[in-house]
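Shown next, in structure tokens, is the structure this report addresses.
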Amino acid sequence: MKVDVLLGLQWGDEGKGKVVDVLTPHYDVVARFQGGPNAGHTLEFEGQKYVLRSIPSGIFQGDKINIIGNGVVLDPALFKAEAEALEASGHPLKERLHISRKAHLILPTHRVLDAAYEAAKGDAKVGTTGKGIGPTYTDKVSRNGLRVGDILHDFDRKYAAAKARHEKILKSLDYEYDITEMEKQWMEGIEYLRQFHLVDSEHEVNNLLKAGKSILCEGAQGTMLDVDFGSYPFVTSSNTICAGACTGLGLGPNKIGDVYGIMKAYCTRVGAGPFPTELFDETGKTIRDLGHEYGAVTGRERRCGWVDLVALRYAIMVNGVTKLILMKSDVLDGFDTVKACVAYKVNGEEVDYFPYDITDVEPVYVELPGWKTDMTRMTSEDEFPEEFNAYLSFLEEELETPIKIVSVGPDREQTIERYVD
Ligand code: GDP
Ligand code: IMO
Ligand code: MG
């Protein structure tokens, strides 16, 4: 058996949570491989809305196994709050959520360091989610991190040493803080974590594959936020691309099957950094309002713009995407025309590749007729208006990849599978 990977091709918030939930019935296991509570994955079904941060989006579909892999960074306090809320809403997870002992822990002082580093950057700040993601991955790579497995042996000593190291840095930055309450909740989170199956997920996933089980890997963030290939330094601190599923779960590259690349019919971005197709006009505002483009957790306004095919071609390349999933086309249902960026102008010269720096590029647009049809209640591609089919063909040709699923609303039911292979 092989694993399929589902990941974001833009700047995150493409709708990964919704689609993972929809696809879960086809799989035995769902696994997260990177990121942490910087993610906010929204699912809607039966009139209820849930936002998941660290827990995989397969948790609502029967008793599938859900795995938090070694590549994830986990904040025990936020995890406890998220898990308890799910259990309280009638979704037990202790038996079916397995957590890698090799996943790194986000400490309260990591969150403070995140804020301190952002403050020190002034105007150049990244606009992080403030969840301690960067400092935690930094400690991992510099071999100073604490892992979930550490809570099982001599934990108090290890925690005190890590905290003392962070305190020294914070002192040198002259940063004022008080973690008393945060630390109390964090310690409660550590105790809570002990109740879960703490596993070596690399063995588990490979054994499951050997036993013929199917696995869906759920990405967080998006390719344009990848630490290597995104719009650096305005990125997150993990590899959000498909290769992250190999390192974040202990999978060989030959175990990767389909790579589902998920994209909105337009673009959004939260936080700072370049965004070539960003719209500062009424159209941008209309997309934000119709698409409810506000952060799933923070409520931060998302910046909006036209779909960027140059960036998408690049994302498809670095991920090896085999199938595309198109989200939120319903937001454009009422538009007379829709635009797509097909090339950039760099120093007055047109290029169709994704350049090293996208700060000063000018988008070159193609304008297509809108479909002017409410598609939110459609259930089959047979109902698609002609102009929408033309739009899909245009995207498939430009991106040289088939669009397998079209999502026409936030609900689980508003999902249309296409006949393409
Ligand atoms: P994720 O981080 O990739 O899981 O995406 P988010 O949950 O942060 O953001 C996607 C938002 O769009 C959520 O509010 C979803 O409920 C919503 N959504 C998902 N798919 C669709 C769709 O096809 N149409 C509309 N209108 N909303 C959608
Ligand atoms: P999901 O999984 C959108 C952005 C932040 C910031 C940058 C770095 O819901 O798609 P970090 O806290 O990771 O150090 O912030 O990355 N960012 C996201 N944007 N969706 C996300 O997750 C994001 N996770 C981080 O806004 O610009
Ligand atoms: Mg999100």
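The values are calculated or read from the model by the stated rules, or taken from the named source; none is laboratory data. Here the structure is a predicted model, which means the values were calculated and not measured. Backbone-built Cβ (ideal geometry, glycine too); neighbour counts: all protein chains shown.
Couple of notes before you dig in:
- When we screen A315, A245 for residues that are in contact with a Leu (Cβ under 8 Å, 6 or more places away or on another chain), touching a residue at least 60 places away in the same chain (Cβ under 8 Å) and under 30 Å from N207 (Cβ atoms), the only hit is A245.
- Only one of the numbered conditions (1) more than 16 Å from ligand 1 (Cβ to nearest atom); (2) over 20 Å from the mean Cα position of the chain (by Cα) is violated by E46, and that is (1).
- So Q195, is it in contact with a Gly (Cβ under 7 Å, 6 or more places away or on another chain), modelled with pLDDT of 95 or more and either farther than 30 Å from G334 by Cα or within 12 Å of ligand 2 (Cβ to nearest atom) (or both): no
- At least 3 residues being away from ligand 1 (no atom under 13 Å from the Cβ) and within 28 Å of D114 (Cβ to Cβ) is the threshold, and among the helices (runs of 4 or more DSSP H) wholly inside the stretch 201-314 those reaching it are 243-247.
- A search for C-beta distances below 6 Å between a residue of the stretch 101-129 that is closer than 27 Å to F155 by Cβ and any residue that is of a type in the set (F, W, Y) and part of a loop (DSSP other than H, G, I, E, B), counting only pairs 6+ apart in sequence or on different chains, returns V112/Y177; A116/Y175.
- Taking the stretch 365-398 as the range and being within 15 Å of ligand 1 (Cβ to nearest atom) and assigned to a loop (DSSP other than H, G, I, E, B) as the test, the residues that pass are W371, T373, D374, M375, T376, R377, M378, T379, F384.
- So Q195, is it on the phi < 0 side of the Ramachandran plot, part of a loop (DSSP other than H, G, I, E, B) and touching a residue at least 24 places away in the same chain (Cβ under 8 Å): yes
- Residue selected from the stretch 262-277 under the condition more than 16 Å from ligand 3 (Cβ to nearest atom) and surrounded by 17 or more Cβ atoms within 10 Å (Cβ to Cβ), by the criterion nearest to D13 (Cα to Cα): A265
- Restricting the stretch 1-26 to residues that are in a loop (DSSP other than H, G, I, E, B) and more than 30 Å from P108 (Cβ to Cβ), the residue that is farthest from ligand 1 (Cβ to nearest atom) is M1.
- Every listed requirement among (1) in contact with a Phe, Trp or Tyr (Cβ under 9 Å, 6 or more places away or on another chain); (2) crowded, with 21+ Cβ neighbours inside 10 Å; (3) among the acidic types (D, E) is met by E44 save one, (2).
- Scanning the stretch 289-340 for residues that are more than 28 Å from C246 (Cβ to Cβ), of a type in the set (D, E, K, R) and touching a Ser or Thr at 6+ places or on another chain (Cβ under 6 Å) yields a total of 3.
- When K80, K140, K131 are checked against the criterion of being in a loop (DSSP other than H, G, I, E, B), within 28 Å of the chain's Cα centre (by Cα) and not polar (S, T, N, Q), K131 stands alone in meeting it.
- Test: residue in the stretch 279-294 that is at pLDDT 95 or above, within 16 Å of ligand 3 (Cβ to nearest atom), within 26 Å of V361 (Cβ to Cβ) and aliphatic (A, V, I, L, M): no
Quick grid of which residues meet (1) crowded, with 16+ Cβ neighbours inside 10 Å; (2) of a type in the set (D, E); (3) within 16 Å of ligand 2 (Cβ to nearest atom); (4) free of Cβ contacts under 8 Å to residues at least 60 places away in the same chain:
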| residue | (1), (2), (3), (4) |
| --- | --- |
| L326 | yes, no, no, no |
| G334 | no, no, no, yes |
| F354 | yes, no, no, yes |
| E386 | no, yes, no, yes |
| L399 | yes, no, no, no |
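- Residues that are among the charged types (D, E, K, R), within 14 Å of ligand 3 (Cβ to nearest atom) and assigned to a loop (DSSP other than H, G, I, E, B) within the stretch 27-59 comprise just one, R53.
- Identity of the residue in the stretch 90-125, acidic (D, E) and either assigned to a helix (DSSP H, G or I) or surrounded by 19 or more Cβ atoms within 10 Å (Cβ to Cβ) (or both), that ends up modelled with the lowest pLDDT: D123
- Filtered residue count, the stretch 401-411, keeping only those that are surrounded by 17 or more Cβ atoms within 10 Å (Cβ to Cβ), more than 16 Å from ligand 2 (Cβ to nearest atom) and assigned to a loop (DSSP other than H, G, I, E, B): 3
- Scanning the stretch 297-317 for residues that are buried (at least 20 other Cβ atoms within 10 Å of the Cβ) and within 12 Å of ligand 2 (Cβ to nearest atom), we see that the one that is farthest from the chain's Cα centre (by Cα) is R303.
- Residues that are buried (at least 17 other Cβ atoms within 10 Å of the Cβ) and over 25 Å from V259 (Cα atoms) within the stretch 336-348 comprise V338, K339, Y344, listed in sequence order.
- Any hit, the stretch 145-156, residues being in a strand (DSSP E or B), buried (at least 16 other Cβ atoms within 10 Å of the Cβ) and out of contact with any Gly (no Cβ under 7 Å at 6 or more places or on another chain): yes
- Candidate set: the stretch 1-21, residues that are of a type in the set (A, V, I, L, M) and buried (at least 23 other Cβ atoms within 10 Å of the Cβ); chosen: the one farthest from ligand 3 (Cβ to nearest atom): V3
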